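What follows is calculated from the coordinates using simple rules that are stated; it is not laboratory data. None of the values given here were measured: they were computed from a predicted structure. Neighbour counts are summed over all protein chains in view; Cβ atoms, including those assigned to glycine, are modelled from backbone coordinates with ideal geometry.
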Amino acid sequence: MLNYDLVVVGGGPAGMAAALKAKEEGVEKIVILERAETLGGILEQCIHTGFGLHYFGEELSGPEYAGRFIELVEKTDIDVFTDTMVLNISDDNVVTAVNNNEGLMQFKAIAVVLAMGCRERPRGALSIAGSRPAGIMTAGTAQKYVNIDGYMPGKKVVILGSGDIGLIMARRMTLEGAEVKVVCELMPYSGGLTRNIVQCLDDFGIPLRLSCTVVATHGKERLEGVTIAQVDDKLQAIPGTEEYIECDTLLLSVGLIPENELSKDVGVELDRVTSGPVVDEYRETLHPGIFACGNVLQVHDLVDYVTEESQIAGKGAADYIFGKKKGGTFINTKGINGVRYIVPQRVNIEGEENLKLYFRVGQVYKGAKVVVECDGKILSSKKKVKLAPGEMENVVITTEMLKDMNKDSEIVVRVEE
Amino acid sequence: MKYDVAVIGAGVVGSLITRELSKYNIRVALLERCNDCAMGATKANSAIVHAGFDAVPGTLKAKLNVRGVELMKKTCKELSVPLKNNEALVVAFSEEEMPHLEMLKDRGEQNGVPGLRIVRREELVELEPNIGDSAVGALVAPTSSIVCPYELTIAGVENAVTNGAEFLRNCEVTAIDYIDDAFKLTTSLGEITAEYVINAAGVHSGEIASLIGDNSIEIVVRHGDYYLLDKSQGSLVSRTIFQCPTKMGKGVLVSPTVDGNLIVGPSAEDIDNGDDVATTSVGLEKIYVNAIKSVPAVSLRNAITSFSGNRAHPTSDDFIIGSSDVNKKFINAAGIESPGLSSAPAIAEMIDGIINELSGGFEKKADFNPVRPEPVRFRHLSTEERAGLIEKNKAYGRIVCRCETITEGEILDAIHAPAGARDVDGVKRRTRAGMGRCQGGFCGSKVVEILARELNVPMNEITKFGGQSKIMYHKTK
């Protein structure tokens, strides 16, 4: 059994930022367990730029953004095990992991930070009828083939879903000489960042078809084509609108799912909407000593916010380790009227610092207000030019606002049109 | 290439027949047109070892099903294939359907199925708390089991090859002549000569028989769609839940699989092309609507994949097993639809009997070994066992498939096994890498990498399942 103050599961941007923050706060024995061969997580295959605008004030590529944190980790005495898979976390925070050098290892931790990231929804989750030939894959898998392995997974491409990875891959495949025929989006709006729609589709003349989906795949061994169709407001395909498109590749960018299998095993309670753990403002889950941050907690669109969130978790874990974590009275937060969820789900009304509530909306709003209220009292109300499901928003709760709350209070965030 | 026996078709039936024949001092070849075994109906069916109450008494289906259930235990034990006796229920959703259960019970008893009993709703709910509200009663079949059909087939082929049989992949038979007391098979691998031919070609068994001029076998391709749900749903029911059967088959079932997922299906639709395994939106919709009648908690939110398979439905409605009228050394094991998986060990036994009678009895091998060693299943091992294993071989310390906890060592074993994996789906069926909730999103490229390395070919030559199912094209710029 190896004894550590803090075990961080996952060495992507979330895990690294949490570990570094904890180190900065004075935590001595920290270990990062990473399943890939290097630190950096999914950023390693995101060779496009656009990372770091908020956090570093410059535009970096994914590997560059990760690289800055890897360098910082290397300068500390934080232990790192790569190529190492965590198999299980026990109730008393013993983390069992395995790799092919050390074999099975057990780490006894005072605190654990969950930073396992998320995975892409596969085809099976969509019930698309048709054959199951080669050439149907998630956008992230294609991204790995192109950017890491150096092979093209296709020549004529249809992309289903306009999430950010799908948009990025539309451009990437085009730059590598493939023909991206269309990006179909089931919803009447894109789930990706506006800047990606402009820079990855518009700039290359790739059409984006909204309220449109793939209803069938064709081809026996390799994909030969797909049938797409428009959908109605119940998201059902409209008969008569089917259109056959010849292609050898279908990339799916239809949503991300936080990877919480380990969290579930240890009994961490999850939020039904985010599929991530329920946490308080220090990013501690309802399981004492287990913290969560990054895409395992909620799917982010900007890594800058992942870093910010993970630093909160790192600080929280450090406080927990030193027995300084603030107790108090925790109340719930709740999103209504278009606000799908809020992270953190619990807030300490005795907290001594301002905090941010992060959320996403369920549809596109223009010129709507974001209203925060508590016990019937409006705490803040701010008009937004645009709110979209693809872009995470936040509101600030000040210590001033917390003063009037009691144990039965509930902080509600809603959209007002 | 000269053989005593050529078995055409490496589904579960062809696999177990080949294994049965590998115990003799004869040359046996298993000819498969695909890049792997278990590529037809075998990889896409309900995965049930049926108790045997469905088939009409006196038919081959009835006889071989019940005998198959008896033999299956021994076969699975020898081949180290998990077999779980989870019982089955046939549910009646109205009082009008209850007499049908009585009929099935009678029929089962005539077939020699032990332990059948009928329960009313009260007891049914105790057995399966998640059963639908409209269920009024059920027939309980205690001898019904679940097994993984492709695992059984792969294990059978491995064991046959270990005992000297040859497995010829990508070997499509296009013509058969009978010259000088031997069959000359024209195949995509060249000419193959064999004294006996066994036709286990599934949905194509009619076409294969017609190659020798035997046009008596009429096969209707019966298409069925399935959903497979995440392991988190595998315990919604513990038994296999059937509905009252119809003319088209046993109807939609909801069942745990031996690997802990939940399987829902099949639909049943007669189609023309035996190779068309595209799912249909109508079929998928139908099975969902039927499934929630049995188990309302079934939710497609938890579907991890959907697929379909084609059953070889004989117009005669019974298995066609025996020498062809055209040439007695051409032996059919054709029209094997449900309960084909359940009957497979008994079909192999029957074919063994027929061929030995024709040949006057083959000589037994002294060193035949019926045991296929149990593959390493890292996910099922204790911490101590895992530690010991990694100490011996470090490849078991690297997890490749995170959803199913599959190690690189297991993938290497699958590739280097007798009749080992040659493509990504082959690795998937042997190890479960890529079979989990992310469906190979993460491990797919690693599996391609390992296959390329071990088979010593470039990555862009690795296929999903042989043929033109390539995963990557050229190198990037």
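Over the range A:328-417, calculate the relative contact order: mean separation of alpha carbon pairs under 8 Å at least 6 apart, over the residue count, as a percent.
Over the range A:328-417, the number comes to 39 percent.
Which percent of Cα pairs goes in each bin when the distances of the range A:269-417 are cut into 5 angstrom slices starting at zero?
Once binned at 5 Å, the Cα pair distances of the range A:269-417 give 2, 10, 20, 23, 21, 16, 7, 2, 1, 0.
Cα centroids of the range B:158-203 and the range B:375-451: how far apart, whole angstrom?
Cα centroid to Cα centroid, the span is 32 Å.
Cα-based count: Lys pairs in the range A:122-254 below 23 Å, eight or more positions apart or different chains?
For the range A:122-254, qualifying lysine pairs total 8.
Helix A:164-175 against the longest principal axis of chain A: what's the angle in degrees, Cα atoms only, rounded to the nearest 10?
50 degrees
Beta carbons within 10 angstrom, averaged per residue: use that to sort the peptides A:120-128, A:15-23, highest first.
The peptides rank, most packed first, as A:15-23, A:120-128.
If R₀ is 56 angstrom, what is the calculated FRET efficiency for the pair B:Lys184 and B:Val289, using the beta carbon separation as r and rounding to 0.05?
The value I calculate is 0.65.
List the relative contact order of the range A:1-115 as a percent without decimals, with contacts defined as Cα pairs under 8 Å and 6+ residues apart.
36 percent
Expressed as a rounded percentage, what relative contact order does the range B:390-458 have, with Cα pairs under 8 Å and six or more residues apart?
Relative contact order for the range B:390-458 comes out at 28 percent.
If a/c stays under 1.5 just call it rounded; otherwise compare a/b with b/c (prolate if a/b is bigger, oblate if not). Do that for the range A:122-254, with a ≥ b ≥ c from the square roots of the Cα gyration tensor eigenvalues.
Verdict is oblate for the range A:122-254.
Sort the range B:300-437 into rounded, prolate or oblate with this rule: let a ≥ b ≥ c be the square roots of the eigenvalues of the Cα gyration tensor; rounded if a/c is under 1.5, and if a/c is not under 1.5, prolate when a/b is larger than b/c, oblate otherwise.
The shape class here is oblate.
B:Lys392: which aspartates and glutamates have alpha carbons under 18 Å from its alpha carbon, excluding same-chain residues fewer than 8 sequence positions away?
Candidates past the 8-residue exclusion: A:Glu102, B:Glu374, B:Glu384, B:Glu408, B:Glu410, B:Asp413.
Between A:Glu185, A:Glu44, A:Glu243, find the one with the highest GNM mean-square fluctuation for chain A; connect C-alpha pairs within less than 10 Å.
Result: A:Glu243 has the largest fluctuation of those listed.
Could you pull out which residues in the range B:399-416 have an amide N less than 11 Å from a spot 7 Å beyond the Cα of A:Asp83, following the Cα-Cβ vector?
Within reach of a label on A:Asp83: B:399.
Translational diffusion coefficient, Stokes-Einstein: compute it for the range B:378-461 using the Kirkwood radius over C-alpha pairs as Rh, at 10 °C and 1.306 mPa s, and state it as an integer in µm² s⁻¹.
Estimated diffusion coefficient is 124 µm²/s.
What is the distance in Å between the Cα centres of the range A:150-187 and the range A:306-380?
Value for the Cα centre distance between the two parts: 36 Å.
On a full-extension model of 0.36 nm per residue, what is the gain between B:Asp367 and B:Asn273, subtracting their alpha-carbon distance, rounded to one decimal in nm?
29.5 nm
Applying the Karplus parametrisation 6.51 cos²θ - 1.76 cosθ + 1.60 with θ = phi - 60° to the phi angles of the range B:391-396, what ³J(HN,Hα) value in whole Hz is obtained for each residue in order, glycine and proline being reported as x?
Coupling constants for the range B:391-396: 4, 6, 8, 5, 4, 7 Hz.
Please state the shape class of chain A: rounded when a/c is under 1.5, otherwise prolate if a/b exceeds b/c and oblate if not, all from the C-alpha gyration tensor.
Oblate.
Provide the descending list of Cα extents for chain B along its principal axes, expressed in whole angstroms.
Projected onto the principal axes, the Cα atoms of chain B cover 63, 58, 45 Å.
In angstroms, what radius of gyration and Dmax does the protein assembly as shown have, counting Cα atoms only?
Considering the protein assembly as shown through its Cα atoms, Rg and Dmax are 29.5, 101 Å.
Using modelled amide H (1.01 Å from N, peptide plane; none on Pro or chain starts), what sits under 5 Å from the amide H of A:Leu379, excluding residues fewer than 5 places away?
A:Val372, A:Glu373, A:Cys374
Spin-label point model (7 Å from Cα, Cβ direction): what's the A:Lys369 to B:Glu461 distance in nm?
Rounded to a tenth, the inter-label distance reads 6.9 nm.
Report, ordered by chain and residue number, the aspartates and glutamates lying within cross-link reach of B:Lys470, taken as a straight Cα distance under 16 Å and ignoring same-chain residues fewer than 8 apart.
A:Asp149, A:Glu221, A:Glu224, A:Asp248, B:Asp36, B:Asp423, B:Asp425, B:Glu449, B:Glu461
Could you work out which residue, out of A:Ile238, A:Ile78, A:Ile30, moves most in a Gaussian network model of chain A, that is, has the largest mean-square fluctuation with Cα springs under 10 Å?
Residue with maximal mean-square fluctuation among A:Ile238, A:Ile78, A:Ile30: A:Ile238.
From the phi angles alone, apply the Karplus equation (6.51, -1.76, 1.60; θ = phi - 60°) to the range A:344-359 and give each ³J(HN,Hα) in whole Hz, x where the residue is Gly or Pro.
x, 7, 10, 10, 8, 6, 9, x, 10, 10, 4, 9, 10, 9, 9, 7
Distance in nm between label sites at A:Asn337 and A:Ser61, each 7 Å beyond Cα in the beta-carbon direction?
4.6 nm
Can you give the calculated 222 nm mean residue ellipticity of the protein assembly as shown, where each DSSP H run of n ≥ 4 adds -39,500 (n - 2.57) and the sum is split over every residue, rounded to the nearest 500 deg cm²/dmol?
Theoretical 222 nm ellipticity from helices: -7500 deg cm²/dmol.
What does the average come to when, for each residue of peptide B:377-390, you count the partner chain Cβ atoms lying within 10 Å of its Cβ?
2
Based on the mean of other Cβ atoms within 10 Å per residue, sort peptides A:203-215, B:221-233 so the most packed one is first.
The densest-packed peptide leads the list: B:221-233, A:203-215.
Over the Cα atoms of the range A:258-323, what Rg and Dmax result, in angstrom?
Every Cα atom of the range A:258-323 included, Rg and Dmax give 11.3, 33 Å.
Under 5 Å between amide H atoms, partner at least 5 residues away or on a different chain: which partners does B:Val7 have, H built in plane at 1.01 Å?
Amide H neighbours of B:Val7, under 5 Å, 5+ apart: B:Ala29, B:Leu30, B:Leu31, B:Ile198.
List, in the order given, every pair from A:Lys324/A:Lys407; B:Lys63/B:Lys365; B:Lys43/B:Lys329; A:Lys29/B:Lys231 whose Cα-Cα distance in the structure shown is over 32 Å.
Over 32 Å Cα-Cα: A:Lys29/B:Lys231.
Across the residues of B:394-402, average count of Cβ atoms on other protein chains within 10 Å?
Average per residue, whole number: 5.
Taking every residue in A:134-142, how many Cβ atoms of other protein chains lie within 10 Å of its Cβ, on average?
Per-residue shielding by partner chains comes out at 5.
Spin-label point model (7 Å from Cα, Cβ direction): what's the A:Ile245 to A:Phe330 distance in nm?
4.5 nm
What are the lysines whose alpha-carbon lies under 23 Å from the alpha-carbon of B:Lys394, with same-chain residues fewer than 8 places away excluded?
Cross-link targets: B:Lys428, B:Lys446.
If the elastic network links every pair of Cα atoms under 10 Å, which of A:Ser263, A:Ser190, A:Ser90 fluctuates the most in the Gaussian network model of chain A?
Checking each option, the largest mean-square fluctuation is seen for A:Ser90.
Kindly write out, for the range A:67-79 in residue order, the coupling ³J(HN,Hα) from the Karplus curve 6.51 cos²θ - 1.76 cosθ + 1.60 (θ = phi - 60°), rounded to whole Hz, with x marking Gly and Pro.
Karplus-based 3J(HN,Hα) across the range A:67-79 equals x, 4, 6, 4, 4, 5, 4, 5, 6, 9, 9, 5, 7 Hz.
For A:Leu286, what residues show an amide H to amide H distance below 5 Å, using hydrogens built from the backbone and excluding near sequence neighbours?
Residues meeting the criterion, in which the H sits 1.01 Å from N, are A:Glu269, A:Val278.
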